Amino acid sequence: MPESPGSSQRTPLWRRTAVRENAPVLAVVALGGGLGALARYGLAVLLPTAPGHFPLATFLINVTGCFLIGVLMVAVTEAWTAHRLVRPFLGIGILGGYTTFSTYAVEIHGLLRPGTVGLAFGYLAGTLVAALLAVVAGMALARRLFIRPERTVEA
């Protein structure tokens, strides 16, 4: 009998089964992550940020990524039945590689200097608010586009 996933001793059979079942997911996440990171890099090159200035590229990347995450989650959970690899590829892979909240944190830290502290806090709060609103807007748009209200037949 194979060991359970929470067991302290995992058998070779359990490991082979786990790898076989998870390999496609890992592959699509890796591929999507690479594509998303390339898109993020391209936008950062197109919109470079001078030291001490508002990081527009990262702001746009995170807000558009959150919007797309909102659209994707409605599409794959409420509107369509998607293949099991769609959400890992698009959500975790592409959009996870595209959005960059670690760069956002580093940029906030870089703005915490005399003369740009206000900008740092504006960027901190502005990104959070805009990202959350973008998710809500993406979900609302997706519901409007993809989900048709039930029509009632009048007697």
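For residues in region 87-109 being of a type in the set (A, V, I, L, M) and crowded, with 16+ Cβ neighbours inside 10 Å, which is nearest to P149 (Cα to Cα)? Looking at residues that are of a type in the set (A, V, I, L, M) and crowded, with 16+ Cβ neighbours inside 10 Å, I get L90. For L132, are the conditions met, namely being under 27 Å from A75 (Cα atoms) and more than 14 Å from the chain's Cα centre (by Cα)? Considered against the rule, which asks whether it is under 27 Å from A75 (Cα atoms) and more than 14 Å from the chain's Cα centre (by Cα), L132 comes out as no. The number of residues in region 23-53 being more than 16 Å from I94 (Cβ to Cβ) and open to solvent by 80 Å² or more (accessible area, probe 1.4 Å) comes to 5. Of all the listed residues (T64, T99, T81, T58), the sole one being of a type in the set (V, I, T) and either more than 24 Å from T127 (Cα to Cα) or modelled with pLDDT under 95 (or both) is T81.
When region 66-103 is filtered for residues that are among the small types (G, A, S) and free of Cβ contacts under 8 Å to residues at least 40 places away in the same chain, the ones remaining, listed by number, are A82, G91, S102.
The values are calculated or read from the model by the stated rules, or taken from the named source; none is laboratory data. Every value quoted in this text rests on a predicted model; they were computed, and no experiment measured them. Note that each Cβ is placed from the backbone with ideal geometry, even for glycine, and that neighbours are counted across all protein chains shown. Side chains are part of the model used for accessible areas, which takes the heavy atoms of the whole protein and leaves out ligands, DNA and RNA. Shrake-Rupley method; radii C 1.70, N 1.55, O 1.52, S 1.80 Å.
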